[in-house]
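> Please see the structure below; I have some questions.
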Amino acid sequence: MPKSIERILLVISDFIAIHATFFCWVLLRSRLGYAVQLTLQDLLVVSFILYLYWILLFFFFGLYRSWYAQSRFDEFVALLKAISLGVVIIFLLTMDLRQDIENPFPLSRLMIFSYWLMMVLFTGAGRMYLRTVQRKFLERGIGLRNAIIVGDGPKAVDLFEQVKRYPALGYRALGVVTFGESDPAGKPDVRSAGTTVPRLGSASELDQLIRKYDVQEVLIALEEDKRQRVIDIIGMCNGLDVNLKIAPDLYDIVVGQVRTNQIYGFPLIEIFPEIMPLWERRVKRLIDIIVSLIVIIGFFPIWVLVAVAIKLDSPGPVFYTQERVGRHGTIFKIIKFRSMYQDAEARTGPVWAGKKDPRVTRVGRILRKLRIDEFPQFINVLKGEMSLVGPRPERPYFVEKLKKEIPYYSRRLRVRPGITGWAQIKHEYDQSLDDVRKKVQYDLYYIENMSLRMDLKIILSTIYTVLTGKGQ
């Protein structure tokens, strides 16, 4: 089932369940002598407002992401948490402080628990029915995600058989990728215990195979003597939009960086999962949009003055655009106030900026000191190409170079780049490869510990740097 169809069906199911819950609750109140003094038209308006409220809450809790290969019980627990929080918020928003303090537990107020119970039952039943139907589709081979298995021994063959046996996991196993060189006479299949598995190619061409077969899942099943190859496989997949999972007996190799995904007693371990919960990522994006609008519109007169100063100081455009590498390796043009002389890199080529860079103009030094040259990047944030907080985006030239020099450099591409980041408040400008290595360590630390709390800490530290003029 395509994700778009899945979300539409979920929205329809919730639409029916939420409206049914409200009107059943109103009917129950009437039967108990607490009739709601509203016309049918008013009730429809209230029901629609409640629907929008729940849709927004479910969206932030990640209840509209794809769950097709996840436990239905886990989804029900997530739904229960969202509904419980939502009902508590409704209870608090509808409080009459004077009346509720004098009579804290009237039956009319306690009926909110019946609304909570109906919401859980109705929305839960609708979703469980949809997931059951979806599971049936998967079992018939509809909606599977393309998967390849890396390995050339009995474990790889066994994993291939397991995936074939349990299609409800959501994987379509295409074949295996081995560590032998490609055979010019063809691609001999991998055999074990009488079972034959198609061989797609060599691990040295893993990135090409992922693109060729439109692979979404890479499953790793290596023998004891090839365990050290896990690091190489992870490196090959860095920067590609694929999920990595590994056989559980290799847990000790990546301990502390995995999350177990187990259905039908068939465990797989996810490598480098998303640390920040989906609802936090939604809030993070919402904050990006709100702050960007405030900065762009609210401080517009200041940007006009900055533009005039740049034009008076040196010839050239007000803004400077440059190609940068964003999330999942997408190329976008970053926008900054021009702080260097026009065509500054015409002679030098791509180089990192230094503390006393002769290419920087007089106004540019002030802009850089106060970080004002970065402010047009809020346009990039508003467009979704960047975030307020994240690893700084690098130029394609340096990305290709650093991928070869620094292990796991491409892991920075798993998240949106940011205007500021953990590396920026902990380290200075990149002036050498050693500086970049140090910054990558900080970036990876941020990616593995992302949270709204950490973002707030980074933003406050950045504001302090700007206000005290400690920038470069």
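The values are calculated or read from the model by the stated rules, or taken from the named source; none is laboratory data. Everything numeric here is computed off the predicted structure, so don't read it as measured data. Backbone-built Cβ (ideal geometry, glycine too); neighbour counts: all protein chains shown.
> Restricting the search to region 442-454, which residues are under 12 Å from Gly421 (Cα atoms) and in a helix (DSSP H, G or I)?
Passing the criteria: Tyr442, Asp443, Leu444, Tyr445, Tyr446, Ile447, Met454.
> Considering only residues of region 382-426 that are in contact with a helix residue (DSSP H, G or I) (Cβ under 8 Å, 6 or more places away or on another chain) and among the basic types (Lys, Arg), which is farthest from Lys457 (Cα to Cα)?
Among them, the one singled out is Lys403.
> Oh, and also: Tally time: how many residues in region 371-403 are surrounded by 18 or more Cβ atoms within 10 Å (Cβ to Cβ) and either closer than 25 Å to Lys284 by Cβ or charged (D, E, K, R) (or both)?
Summing the residues that are surrounded by 18 or more Cβ atoms within 10 Å (Cβ to Cβ) and either closer than 25 Å to Lys284 by Cβ or charged (D, E, K, R) (or both) in region 371-403 gives 21.
> Moving on to the next point. Any residue in region 151-176 that's without any contact (Cβ under 8 Å) to a residue 24 or more places away in the chain and within 17 Å of Asn243 (Cβ to Cβ): show its pairings with residues that are surrounded by fewer than 21 Cβ atoms within 10 Å (Cβ to Cβ) and of a type in the set (Lys, Arg) at Cβ separation under 9 Å, as long as the two are six or more apart or on different chains.
As it stands, the answer is none, since no pair meets every condition given.
> Pick from region 1-60 the residues that are hydroxyl-bearing (Ser, Thr, Tyr) and in a helix (DSSP H, G or I): which of them is surrounded by the fewest Cβ atoms within 10 Å (Cβ to Cβ)?
So, considering only residues that are hydroxyl-bearing (Ser, Thr, Tyr) and in a helix (DSSP H, G or I), the one surrounded by the fewest Cβ atoms within 10 Å (Cβ to Cβ) is Ser4.
> Which of the helices (runs of 4 or more DSSP H) found entirely inside region 331-434 contain at least 3 residues meeting this: at pLDDT below 85 and outside the structural domain of Val242 (by TED's automatic domain parsing)?
Values: elements: 362-369, 377-382, 396-405, 422-426.
Ranges flagged: 362-369, 396-405, 422-426.
> Looking at region 200-219, can you tell me whether even one residue there is at pLDDT 80 or above, farther than 20 Å from Asp232 by Cβ and surrounded by 21 or more Cβ atoms within 10 Å (Cβ to Cβ)?
no
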